[in-house]
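Take a look at the structure below.
Every read-out reported here was derived from the displayed coordinates using simple, explicitly stated rules and does not represent laboratory data. Just so it is clear, the model here is predicted, and its values are computed rather than measured. Glycine gets a Cβ as well: all are built from the backbone with ideal geometry, and neighbour counts include every protein chain shown.
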Amino acid sequence: MTALAAGRSARTRRRILVTAILAALVIALFLLTLVLGNRVYGLPEVLGVIAGQDVSGASFTVGRLRLPRAIIATLIGVALGLAGTLFQTMLRNPLASPDILGVGYGSSAAAIVAIGFFGAQGATVAVVAVVAGMAVALLLYALSWRQGVQGARLVLIGIAIGAVLVAVIQWVLTRIEVYKAAEALRWLSGSLGSALWGDVPPLAISLLVLVPAAAVLARRLGVLQLGDDTAAALGVRPHRTRLLLLVVAVGLVAVATAAAGPVAFVAFLSGPIAGRLLPGTALLLPAALVGAVLVLAADLVGGNLLFTTFPVGVVTGAVGAPYLLWLIARSNRTGGRL
Amino acid sequence: MIGSTSEAPAGPRGVRPALRRRRLLLGFAIGVGGLALAVVLSLVLGSRIVSWTEVLGGVFSPDPDSFAQQAVATRVPRTVLALLVGAALGLGGAVMQGITRNPLADPGLLGVNAGASLAVVLGIAVLGIDATGEYVWFALVGAATAAVLVYTVGSIGRAGATPLKLAIAGAATSAALASLVSAVLLVRTDVFNMFRFWQVGGVGGADFAALTPVLPFLGAGAILALLSARGLDVLALGDDVARGLGGRVGPSRILAAAGAVLLTAGAVSVAGPIAFVGLVVPHAARAFTGPAHHWLLPYSAMLGALLLVAADVVGRVISRPSDIPVGIMTAVLGAPFFIWLIRRAKVREL
C-alpha cells in the first residue's frame with residue numbers, strides 16, 4: 001500500500017517536473033526566436049519590445065515580424081501536438097496520426113486550389129482550409145462506417161483519400177505559373193515565413209474553443225480505451241464520442257494548416273515523444289508542449305542554422321521520417337498492434 | 001516447382017478445364033478488341049476534332065502536312081505510351097500482389113513511386129540529368145530501394161507482411177520521401193519547374209525518343225513477370241506449403257520482385273507516378289480468371305493497357321481543350337474502388 005502510494009507520488013512528481021521543463025523549453029525557444037535572425041537583438045531589447053516600449057529597429061523587426069512568427073509557431077505546435085495525440089489514442093495506433101491519414105491533405109488541397117486558381121489570401125484561405133478539412137474528415141468517417149468504425153479500416157481509407165487529394169494538389173501545381181507554383185509549394189511545405197499579426201487572432205480564437213473541448217473529451221477518451229462495450233456500460237456513447245473527438249482533432253489540424261500550411265510530422269511525433277518522457281499517464285498537456293517545442297526548434301534550425309532558409313515543415317519532415325520508420329520497425333518486432 | 005502432372009487448376013463449380021480454357025481465350029480476345037477500339041478512339045478524339053482521312057494521314061504519312069494530321073501524329077506516341085505503361089503497371093501490380101500475398105499492394109501505395117520521385121529529383125538537381133533515358137536509371141534505383149525498404153519494414157515481426165502493415169509502411173515512407181523531395185525543390189525552382197510536370201503522372205508530352213530507352217526495361221520486366229507465373233501460384237499457398245511442395249521460395253520471390261520493379265520503375269520513369277492502376281487492374285482481372293497466375297498475368301497486362309488508354313481519352317475529352325493528366329484520372333477512378341475493396345473485406349483479414 002505504502003509502496004503503491006510512494007510510486008504514485010513519484011510519478012506525480014515526475015509528471016510535474018517534466019511538464020515544467022517542457023514549459024521552460026517552450027519559453028526559452030520562444031525568446032530565442034525573437035533574439036535570432038538576420039540581425040541579433042539582445043534579450044533586454046526583446047523584453048523591452050514585449051513590454052511595449054519603443055526600441056528603435058527592434059520594435060519593427062521583433063515586434064512586427066518575429067513576435068507573430070513565434071506566437072504562431074507555438075500555437076500550431078500546441079494544436080498539432082494535441083490533434084496527433086487525440087488521433088493516436090483514439091485509434092490506439094501511433095501511426096494513425098493526421099499526417100498519415102489523409103486528413104491534412106483535405107485542407108492543403110482546398111487551400112492550394114484557393115491560392116492557385118482564385119488568388120485567395122489570408123483569412124479566405126484559412127476558412128477554406130478549415131471547411132475542407134472538416135468535410136474530408138466527415139467523408140472519411142462516413143466511408144469507414146460499417147457497423148461502427150474500425151481503426152484499421154479508417155487508416156486504410158484515409159490513405160486512399162489522401163492519395164486522391166495528393167493527385168489533385170499535384171495537378172493544380174502544373175496548371176499555374178511557375179512562380180505561383182513555387183509559392184504554393186512553399187506553403188505546402190509548412191512555412192512560417194509569411195506569418196503576420198493578422199494571422200494570430202483567428203488561430204488564437206479557434207484554439208480557445210478547441211483546446212478546452214479536447215481537454216473535456218480526453219476524459220471520455222480514457223473510458224473509450226477500455227473497449228466499446230465497457231465504455232457504453234460506463235455511460236460513454238462510443239460512436240458519438242469518437243465522432244466528436246474526430247471533429248475536434250480535425251479542427252485543430254485544419255486551423256494549424258490554415259495558419260502555416262501542413263507542417264509535417266509534428267502531430268505524429270508529439271504523442272510518442274511525450275509518451276517516452278511520461279510513460280503511462282494522460283498525455284495531452286505534455287504532448288501539446290512537445291509540439292510547441294518541435295515547431296519552435298525546427299523553425300529556428302530552418303531559419304538560422306542551415307546554409308539556406310528552409311520552411312519549418314521541411315525540417316520537421318526530415319527529422320520525423322527516420323523516427324517514423326524506426327517506429328514501424330520496432331512496433332512490429334515487439335508485436336505491437338498495427 | 002510443382003510436378004508437371006498438375007494441369008491448370010480446375011475451374012470453380014466444376015467447369016471442365018477445356019471449356020474454361022476456351023472461355024478465357026474468348027474473354028481475352030474480347031478484351032483485346034476493346035483495347036483496339038480504345039486505341040482508335042485515342043487517335044481520333046482530342047482537343048482538335050479531325051476527320052477519318054486526316055487520322056489515316058496523320059498515322060501513316062511520313063511527314064504530316066496539315067494541322068489536323070500533325071495533331072493526330074502527336075497522338076500516336078501518346079497512345080503507344082499509354083498502352084505500354086498501362087500494361088506494365090497492371091502486370092507489375094499483379095505480380096506485386098502475388099509476391100506479397102497482399103490484396104492492397106500497389107506501387108503507388110507501397111512507396112515505390114515516391115522512391116522513384118526522390119531519385120529522379122536528386123538526379124535532376126545534383127547531376128543535371130534532363131532526358132527520360134537518364135531518368136529511368138534513377139527511377140529504377142529509387143523504386144527498388146523504396147520497395148525493399150517498405151517490404152522490410154512492413155514484414156518485420158511474427159505476423160509477417162500483413163496488408164495493413166505494408167500499407168502504413170508505404171504511406172509513411174511516401175510521406176517521408178515527399179518531404180525530402182520538397183526540401184530539394186524549394187531550393188531549386190528550376191528543378192521544380194521540370195519536376196512538377198513529371199510528377200503528376202501523364203502521357204501527354206510523349207514522343208518516341210523518350211520512350212525508346214525504357215523499352216528494354218519494360219521488356220525484361222514483362223518476361224521475368226510472365227516466367228514467374230508458376231512460382232507465384234506456389235507462393236500463394238504460403239511459404240511453408242510452398243517449401244513442402246519443393247518450390248524454392250526465395251529465388252522465385254526475388255525473380256518475380258525484380259520483374260515487378262523493372263516494370264513499375266520503367267513505367268514511372270517515362271510517365272511519372274501513376275497510382276491505383278497496379279491495384280485495381282489485378283482485382284478486375286481476377287474476377288475473370290480466378291487466382292491462377294498464368295491467366296491472371298496476361299489479363300492484368302491487357303486490362304491495364306485498356307484502363308490507361310481509356311482514362312487518357314476520357315481525361316482529354318472531359319476538359320477540352322486542355323487535358324487532365326492520366327495520373328489524376330486513375331487516382332480519381334481508383335480510389336473509390338480501393339475504398340470499396342476495404343469496406344468489403346473483414347477487418348480481421350486486413
Distance-filtered residues of the stretch B:258-292 - backbone nitrogen under 14 Å, label point 7 angstrom along B:Ala220 Cα→Cβ: B:258-267
Mind checking B:276-283 for the average number of partner chain beta-carbons within 10 Å of each residue's beta-carbon? 1
Restricting to DSSP loop positions (anything but H, G, I, E, B) with no more than 10 other Cβ atoms inside 10 Å of their own Cβ, which trypsin sites (Lys or Arg not before Pro) remain in the stretch A:31-126? A:Arg39
With the charge dipole of chain A built from beta-carbon charges (+1 for Lys and Arg, -1 for Asp and Glu) about the Cα centre, the Cα from A:Val55, A:Thr309, A:Val166 projecting farthest to the positive end belongs to A:Val166
Student exercise, the protein assembly as shown dipole from Lys, Arg, Asp, Glu Cβ charges, in Debye to nearest 20: 2540
Scattering profile of the protein assembly as shown at q = 0.10 Å⁻¹ [log10 I(q)/I(0), Debye over alpha-carbon scatterers]: -0.97
Computed [θ] at 222 nm, deg cm²/dmol, chain A (DSSP H ≥ 4; -39,500 (n - 2.57); rounded to nearest 500): -25000 deg cm²/dmol
For peptide B:236-244, how many partner chain Cβ atoms fall within 10 Å of a residue's Cβ, on average? 0
Alpha carbon centre of the stretch B:226-288 versus the stretch A:181-243: separation in Å? 41
Whole-number D in µm²/s for the stretch A:11-333 (Stokes-Einstein; Kirkwood sum over Cα pairs; 10 °C, 1.306 mPa s): 79
Shielding of B:181-188 by partners, i.e. mean partner chain Cβ atoms within 10 Å per residue? 6
Given a Förster distance of 35 Å, the FRET efficiency implied by the Cβ-Cβ spacing of A:Lys180 and A:Leu243, rounded to the nearest 0.05, works out to 0.40
Cα centre as origin, Lys/Arg/Asp/Glu Cβ charges: chain A dipole, Debye: 1080
Inter-site label distance for B:Leu19 and A:Phe60 at 7 Å from Cα along Cβ, in nm: 8.9
Can you give me the distance in nm between label points at B:Val40 and A:Ile16, each placed 7 Å from the Cα along the Cα-to-Cβ direction? 8.4
Let me check against my output: what whole-number percent is the relative contact order of chain A, with C-alpha pairs under 8 Å and at least 6 apart? 30
If I model a spin label as a point 7 Å beyond the Cα along the Cα-Cβ vector, how far apart are those points for A:Trp145 and A:Val209 in nm? 2.2
Among B:Thr79, A:Leu154, B:Val280, whose Cα lies farthest out toward the positive end of the dipole of the protein assembly as shown, if unit charges sit on the beta carbon of Lys, Arg (+1) and Asp, Glu (-1)? A:Leu154
If you count, for each residue, the other Cβ atoms within 10 Å and average over each peptide, how do A:96-102, A:252-258, B:208-214 line up from highest to lowest? A:252-258, A:96-102, B:208-214
Would you be so kind as to identify all helices of chain A, as entire DSSP H runs, whose Cα atoms reach 30 Å or more along the helix's own axis and whose mean Kyte-Doolittle hydropathy is at least -1.0? A:2-35, A:67-90, A:122-144, A:151-175, A:200-224, A:238-260, A:312-333
